[in-house]
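Engineer: Before I ask anything, let me first share the structure, which is written out below as structure tokens.
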Amino acid sequence: MSKIGTAFSRGKAFIAFITCGDPDLETTAAAVRAAADNGADLIELGIPFSDPTAEGPVIQGANLRALQGGVTTDRIFEFVRELRRDVSVPLVFMTYANVVFSYGAETFLSTCREIGIDGLILPDLPFEEKEEFLPVCRKNDVDLISFIAPTSEQRISMIAKEAEGFLYIVSSLGVTGTRGEITTDLPAMVRLAREATDIPCALGFGISTPEQAATMASIADGAIVGSAIIKLLEKYGREAPPAIGEYVRSMKEAIRAVSDFPPV
């Protein structure tokens, strides 16, 4: 089992997303620690990119603020190296293929292994083109996380069979962001995925309330939340970490409440 798998070994997982450097890396460090201390089982760290095509306005804004603040990939690597002194939960990078490609995939992934990054999520990497990064990810023991979207249809089983770490199931069409209602037939997507793989399935995109998190956890193995956390950073800035800790605690409690029940 990869270290990512351990995030799902104690019941339904809560996965938090935080953009590195919004508003600065010191705040990011405090936010990550607050999330981990309050029940986050795995944390996605966003490496800012100038054209984040999968992101809605909330996370786009976080990318812009971080880049304007001078954050770089090298600074994020050093930040994670320091973070790993006391943060033990699995960490994965979420960024875009061009960030890895322009840095040099071999150097990027070998550094990930050195500093303790467990997985990599590239939302703009088509499944059919993943071989460009997969060998070097495997060489460095970094799981390349696959996506399944509502439009995947007949490709769900094919993608799931080759999944590593966990399977990121996109709950709705469009970009990231909070939603009042999620209408995708998620149980059917999860059933198809589970027929093809034993890798945990986590649902993301649009989840913001404890009720939504509990519903997603009752369907899959975990829930992923990003925009709602970024909104707290946007609202409170450097004072956000305590609010993030409280929010994560409420989400984890909602998920924990359904952990003892079988999936839908």
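Engineer: If we sort 150-156, 99-105, 28-34, 109-115 on the protection proxy, mean other Cβ atoms within 10 Å, highest first, what's the order?
Structural biologist: 28-34, 109-115, 99-105, 150-156
Engineer: For the chain, what is the calculated [θ] at 222 nm in deg cm²/dmol (nearest 500), taking -39500 (n - 2.57) for each run of four or more DSSP H residues and dividing by its residue count?
Structural biologist: On the way: 12 runs with 119 residues, N = 264.
The helix-only estimate for the chain comes to -13000 deg cm²/dmol at 222 nm.
Engineer: For the range 214-264 and the range 24-49, what is the separation of their C-alpha centers, rounded to whole Å?
Structural biologist: Cα centroid to Cα centroid, the span is 13 Å.
Engineer: A further question follows. Any of K12/K139; K3/K139; K231/K252; K12/K231; K139/K252 with alpha carbons more than 27 Å apart? Name them for me. Don't skip to the answer; put the middle values down first.
Structural biologist: Values: K12/K139 29 Å; K3/K139 16 Å; K231/K252 18 Å; K12/K231 24 Å; K139/K252 33 Å.
As for pairs spanning more than 27 Å Cα to Cα, those are K12/K139; K139/K252.
Engineer: Hey, could you grab the Kirkwood Rh for the range 66-175? Inverse mean 1/r over distinct alpha carbon pairs, Å, one decimal. Mind showing how you got there, number by number?
Structural biologist: On the way: mean 1/r = 0.0670 Å⁻¹.
Evaluated on the range 66-175, it is 14.9 Å.
Engineer: Give me the number: length gained by fully extending A196 to E26, i.e. 0.36 nm times residue separation minus the C-alpha to C-alpha distance, one decimal in nm. Don't skip to the answer; put the middle values down first.
Structural biologist: On the way: separation 170, 0.36 × 170 = 61.20 nm, distance 4.14 nm.
57.1 nm is the gain from fully extending A196 to E26.
Engineer: Apply 1/(1 + (r/R0)^6) to the Cβ-Cβ distance of R85 and E129, taking R0 = 41 Å, and write down the FRET efficiency to the nearest 0.05.
Structural biologist: The computed FRET efficiency comes out at 0.70.
Engineer: So the label point goes 7 Å from the Cα of E114 along Cα→C-beta, right? Which residues of the range 64-81 then have their backbone N under 15 Å from it?
Structural biologist: Under 15 Å, as judged by backbone N against the label point of E114, lie 73-81 of the range 64-81.
Engineer: Now a separate question. Calculate one ³J(HN,Hα) per residue across the range 227-236 by plugging θ = phi - 60° into the Karplus curve 6.51 cos²θ - 1.76 cosθ + 1.60, and present them in order as whole Hz with x for glycine and proline.
Structural biologist: 4, 5, 6, 5, 4, 5, 5, 5, 6, 9
Engineer: Nothing charged except the Cβ atoms of Lys and Arg (+1) and of Asp and Glu (-1): what's the magnitude of the dipole of the chain about its Cα centre? Round to the nearest 20 debye. Can you show the working numbers first?
Structural biologist: On the way: 24 positive and 36 negative charges, 97 e Å.
It works out to roughly 460 debye.
Engineer: Related question: Could you sort the peptides 6-14, 213-221 by per-residue average Cβ neighbour count (10 Å cutoff), highest mean leading?
Structural biologist: The most tightly packed comes first, giving 213-221, 6-14.
No value in this document is a laboratory result; all are computed from the given coordinates. In this text, all values refer to a predicted model and were calculated from it rather than measured experimentally. Please note: Cβ atoms are built from the backbone with ideal geometry, for glycine as well, and neighbour counts cover all protein chains shown.
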